[in-house]
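A.B. asks: Below: one structure in structure tokens.
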Amino acid sequence: MKKDQNQTPLLDALTAYRKQSPAYFRIPGHRYERGISPRWLEQVGGAIFGYDLSEAEGLDDLHNPQGVIREAQELAAEAFGAEHSYFLVNGTTCGNEAMILSAAWEGETILVPRNAHKSILMGLILSGARPAWLMPRLLDGGLVGGVTPEAVEEGFARHPQAKGVLLVSPTYYGLCSDLKAIGEICHRRGALLLVDEAHGAHLGFSDKLPPGALQQGADLCAQSIHKVAGSLTQSSLLHIQGKLADRTRVEQSLRMVQSTSPSYLLMASLDAARCELALHGERLMDRACQLADKARRAIREIPGMECLGGELVGQGGVAAVDPTRLVFSAAGLGLTGYQLQELLYQREGVTLELADQRYAVAVITAANTEEEICRLIEGIKNLVRERGKRLQAEASPRPLSQLSQPPLPGIPPMVCTPREAWGATREDVPWSQAVGRIAGQALAPYPPGIPTIYPGERITEEIWAYLENFRKKGYPIHGAKKNLQVFSCIRE
């Protein structure tokens, strides 16, 4: 029997408790709107503190939910199409860690893409599992595409005992892998499909959007509801479906990685966001798609501008594209994505989510207004019209020759697991002497943002030369110290 989604049991319980206003001798230390910094009260107000409660009477316990939190999680499971859903107060980071902890342990193998979020590396360190790396495909311009079913088949051929596959879909740029086909490959082998769906909580709520991970057979997926669906930052959900995932182990893993003082503000915001999605999700997502489509069409008409979209499907392992992610470039005007982001903010009062050497990314949600979309479009037009190619010299330019993407090197040999590397003694060595050493850190040059080296891997001459090319040209390299003059290696 379907549940009534027009209810918010946890939010309502907090409201009722606040109205009751008992004399309070519990944690946290403030007392409703009292005991708060006057500066905070002056600038923000104090009402939100009235809902910042702990496991008081009638408010349940996240780590042993029997009441309103359990009811709220059950409503979330139904709304998102899961069998069980769990509130996350440490973000999708802890969801990714829990998925890995529940799926593979020390000595066991899991297939992981090289472009995995750093929380997945943390999950590998916590679990001791051995990653077998999958290389995502690249698109023109250096953009990371999807992991193909063929790559997953090859991964299982090399590692037939792998416990599962963990994929990032959609990516930060809204690009989705073929989860349905990959899920079928996993399930034929009795292996799990785990999905870091941090950027895809809205998928599946409209036929204008790609299907979500659960709709395509994922056994476990973690979603950042706060990124696109209106809950507070750091609040996420972890979903389970099917019989392959061990629910008990998932719950035990969550207790390891979640705070023992969970924020009721975060959980109540998840409860409210779920209600809104369940009741009005299709209308809201249709509106977001409409706004994004308006912006995409307008940007494509601006001379020198490029805006990606559905034409990417079928290329580079991309099975679907989230239309609410605007990925656009002014390379035709001699501008990097970094410059475009900087100029739009400084000169036009428009802030974007992300930029790299070629592209800038705007996240469109139903909360955006027509006026904001017009500001984005007009801001780009103003930059093109008023400055043109002269902008490159005025915004700390990075030469456009840097936009060319050299071929990716091969995956280096793994000497020890990420967990073993984490526990090893490390030392900084001059980068010029790093060939042959075992990496104690990860390095990810942009573009494409795929880590070239992970902790525990040996630095080959090919890897060193690839990274040295980035260093010499001034490419951003995430994880680099002192412009990569030194590198953290494991002491042997």
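A.B. asks: Got a number for residues in the range 62-96 being part of a loop (DSSP other than H, G, I, E, B) and either under 23 Å from residue 280 (Cβ atoms) or touching a helix residue (DSSP H, G or I) at 6+ places or on another chain (Cβ under 7 Å) (or both)?
C.D. replies: So the answer is 8.
A.B. asks: So residue 357 passes all but one of these: (1) at pLDDT 95 or above; (2) not in a helix (DSSP H, G or I). Which condition number does it fail?
C.D. replies: (1)
A.B. asks: I'd like to know if the range 11-27 contains one or more residues that are modelled with pLDDT of 95 or more, surrounded by 14 or more Cβ atoms within 10 Å (Cβ to Cβ) and under 30 Å from residue 123 (Cβ atoms).
C.D. replies: Within the range 11-27 (the criterion being modelled with pLDDT of 95 or more, surrounded by 14 or more Cβ atoms within 10 Å (Cβ to Cβ) and under 30 Å from residue 123 (Cβ atoms)), the answer is no, since none of the residues qualifies.
A.B. asks: Hey, can you tell me all the residues within the range 115-137 that are touching a residue at least 60 places away in the same chain (Cβ under 8 Å), over 22 Å from residue 94 (Cβ atoms) and either crowded, with 20+ Cβ neighbours inside 10 Å or outside the structural domain of residue 195 (by TED's automatic domain parsing) (or both)?
C.D. replies: 136
A.B. asks: Given 262, 323, which one is assigned to a loop (DSSP other than H, G, I, E, B), at pLDDT 95 or above and within 23 Å of residue 78 (Cβ to Cβ)?
C.D. replies: The unique qualifying residue is 262.
A.B. asks: Hey, can you tell me all the residues within the range 28-67 that are of a type in the set (Val, Ile, Thr) and either surrounded by fewer than 13 Cβ atoms within 10 Å (Cβ to Cβ) or closer than 15 Å to residue 266 by Cβ (or both)?
C.D. replies: Hits for the range 28-67 are 44, 48.
Per-residue answers, yes or no, for (1) in a helix (DSSP H, G or I); (2) not assigned by TED's automatic domain parsing to the domain that holds residue 138:
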residue	(1), (2)
248	yes, no
251	yes, no
254	yes, no
270	yes, no
289	yes, yes
303	no, yes
332	yes, yes
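A.B. asks: From the list 97, 71, 83, pick out the single residue that is within 25 Å of residue 224 (Cβ to Cβ) and either of a type in the set (A, V, I, L, M) or under 19 Å from the mean Cα position of the chain (by Cα) (or both).
C.D. replies: Among 97, 71, 83, only 97 is within 25 Å of residue 224 (Cβ to Cβ) and either of a type in the set (A, V, I, L, M) or under 19 Å from the mean Cα position of the chain (by Cα) (or both).
A.B. asks: Go through the range 97-111 and count every residue that is surrounded by fewer than 24 Cβ atoms within 10 Å (Cβ to Cβ) and assigned to a helix (DSSP H, G or I).
C.D. replies: The number of residues fulfilling the criteria is 1.
A.B. asks: Can you pull out every residue in the range 216-270 that is of a type in the set (D, E, K, R) and within 30 Å of residue 50 (Cα to Cα)?
C.D. replies: Of everything in the range 216-270, those that are of a type in the set (D, E, K, R) and within 30 Å of residue 50 (Cα to Cα) turn out to be 227, 251, 255.
A.B. asks: Follow-up question, since we're still on this one. Is there any pair with a first residue in the range 339-356 that is farther than 14 Å from residue 376 by Cβ and a second that is surrounded by fewer than 16 Cβ atoms within 10 Å (Cβ to Cβ) and of a type in the set (S, T, N, Q) whose Cβ atoms are under 9 Å apart and which are 6 or more apart or on different chains, and what are they?
C.D. replies: Final answer for the pair search is 339/396; 342/396.
The values are calculated or read from the model by the stated rules, or taken from the named source; none is laboratory data. Nothing here was measured: the structure is a model prediction, and the numbers come from that model. Positions of Cβ are backbone-derived with ideal geometry, glycine not excepted, and every protein chain shown enters the neighbour counts.
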